[in-house]
Each structure stands twice: as C-alpha cells, then as structure tokens.
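Enquirer: Handing you a structure now.
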Amino acid sequence: MSSSFRGLIPHQLIIANNEYLTLLALLTLVALVGIAASFLLVSKRNSKNTILLTGLPFAGKTAIHYLINHGKSVETVTSIKENEADAVLIDGKTPAHIVDIPGHERLRFKFSEFMPIARAVVFVVDSSTASRQTRLLAEYLYDVLADKFTQNERIPVLIACNKSDLLTSFKKERIQTLLETEINKLRQTRAAALDTQDTDGNENVFLGFEGKDFTFQDLENEVEFLECSAENKDIERIKDWMAGVLY
Ligand SMILES: Nc1nc2c(ncn2[C@@H]2O[C@H](COP(=O)(O)OP(=O)(O)OP(=O)(O)O)[C@@H](O)[C@H]2O)c(=O)[nH]1
Ligand SMILES: [Mg+2]
C-alpha cells in the first residue's frame, strides 16, 4: 500500500507540472495576442489623417477650410454638402484630409458618418453669437463628445472660437464657461435616457462625473479652446493644433 502510494507521487507531480506549463503557455499566448491587438489599434489610429470641421451654420467652417487649403479667403455660401480636401500642414509630411461638415440641422448628423475615420475634430464657434446660441452649441458639442468614437478612441477636440476680429465676440474663457454651464444642464436631460440607444447604436453617455459640475477637464479626451479669425487669416494656431495631433 505504502509502496504504491509512493509510486503515485511522481506521476501526480508530472501531471501537475504539465497542467502548469499548459496554463503558462495559454497565458503567454493571451498576453501576446493582447499586445498585438493594442499595437494594431494604436497604429490604425495613428494612420488616420482625417480631421473634421464641425459647428453650427455661419460659424466659419468653410471659410477656415478654404483658407487652410488655398491660403486665401473666399466668399462663402451656406454649405449643403461636405467639402473634402487634402491640405499640407507641414512640408514633407503626409497631407491632412480635412472635411468641412455643413452646419444645417438636417445635415450636421453627417459628422457621425465620418467619425470612424476621424483622428480629430475641430468644433468651430461663432464667438459673436455664442451667448445667444449656447443651447444649440452645447447640444451639438454634446453629440460630438458623447460619440462612441470620441469616447472609445479618445479623439481630441479643438473648440475654435472664430470671428475674434469682431468687437462683439466673446473671449474663449467666456465661451468655455457658457458651454460648461449649458452642458451641465443638458446632461441631466440626457441622463434620463441613459438606458436607451439612439439609431446609430451610440449609447447615451453621461459626460463628466456625477455629483460634480461639468468641466471639460473631466473628460478623458483632450478638449482645447483657442481664438481665431478666418476674416483676418488668423488660423495658424488651428493648423499648429492639427499638426500636433497628426505628427
Ligand atoms: N467677421 C468675420 N466673419 C467671418 C469669419 N469667418 C467667417 N466669416 C463669415 O461668416 C459667414 C459664414 O461663414 P462660412 O464659412 O460660410 O460658415 P459655415 O460654418 O461654413 O456655415 P454652414 O456652411 O452654413 O454650416 C460668411 O459670411 C463668412 O465670410 C471671421 O473670422 N470673422
Ligand atoms: Mg459651410
């Protein structure tokens, strides 16, 4: 009895050892697949060169788009279709693919069709009417920030406070405060629909932290504000920001 018992011990040890090795091999495989997947995700993200210009009608998106692409101003009319063009931001670097999305309420949803290929979003604001359009601005901006691609891929968003040449224009700090206050109110309404899904399958997202007033700083993606004027051809900081994201 005791001799056969003794004979079993090495056999059990061998089995235990084999199981341990199999488990180790499996864990290594899982880790390798994980590393490869995240590498692919990062390189896929970094290979995207599309930047979207979004914002309400009359904000100056087409004016900025034209200026970036042609280096000069143009008379614009309300866009009824997106404008797409490749623009060289830095000589010798791959051009950026810049898409100007019409601001009309029936067309602006198109931004979500471009989100899968977007690397960054510029949200253009008419700084001279921001105080009158705060609700509309916050609603559109909320959709951009809560978009599943913005959320999952932490897409950086630039809020370009355009028309800084006009005396009636608000400074970027003022616009930021207006938007934070409005998004704070808006997210209560949207939170009521938290369990539902919209037609695109985007989940309704609560922006920021519950129980704390909304600030852009609480978001996981980068949100930056700057002032610009397409009228004065003062858009260099937009181009610098785009280049900073892409290269
Ligand atoms: N004063 C001033 N006017 C500007 C500036 N940028 C654009 N505009 C004017 O604002 C108006 C609207 O500009 P667009 O570029 O057509 O606006 P948009 O955002 O493309 O508008 P939609 O196509 O309707 O979505 C035009 O009359 C522009 O000349 C600016 O920096 N300062
Ligand atoms: Mg336009």
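Enquirer: Under 9 Å between Cβ atoms, which residue pairs at least 6 apart in sequence (or on different chains) link something in region 78-103 that is under 24 Å from Y140 (Cα atoms) and open to solvent by 50 Å² or more (accessible area, probe 1.4 Å) with a partner that is away from ligand 1 (no atom under 14 Å from the Cβ) and of a type in the set (A, V, I, L, M, F, W, C)?
Expert: Nothing qualifies.
Enquirer: Let me ask you something else. Any chance you could count how many residues in region 13-56 are closer than 30 Å to I175 by Cβ, at pLDDT 90 or above and not hydroxyl-bearing (S, T, Y)?
Expert: 7
Enquirer: Could you please let me know if N162 is closer than 30 Å to K93 by Cα and either out of contact with any helix residue (DSSP H, G or I) (no Cβ under 6 Å at 6 or more places or on another chain) or in contact (Cβ under 8 Å) with a residue 12 or more places away in the chain (or both)?
Expert: So N162 passes the test.
Enquirer: Still on this structure: If the requirement is being touching a residue at least 40 places away in the same chain (Cβ under 8 Å) and outside any helix (DSSP H, G or I), which of these qualifies: E182, E210, E220?
Expert: Result of the check over E182, E210, E220: E220.
The values are calculated or read from the model by the stated rules, or taken from the named source; none is laboratory data. Small disclaimer: the values here were computed from a predicted structure and weren't measured. Cβ: placed from backbone, ideal geometry, glycine included. Neighbour counts: every protein chain shown. Accessible surface is based on the protein model in full, side chains and every heavy atom, while ligands, DNA and RNA are left aside. Shrake-Rupley method; radii C 1.70, N 1.55, O 1.52, S 1.80 Å.
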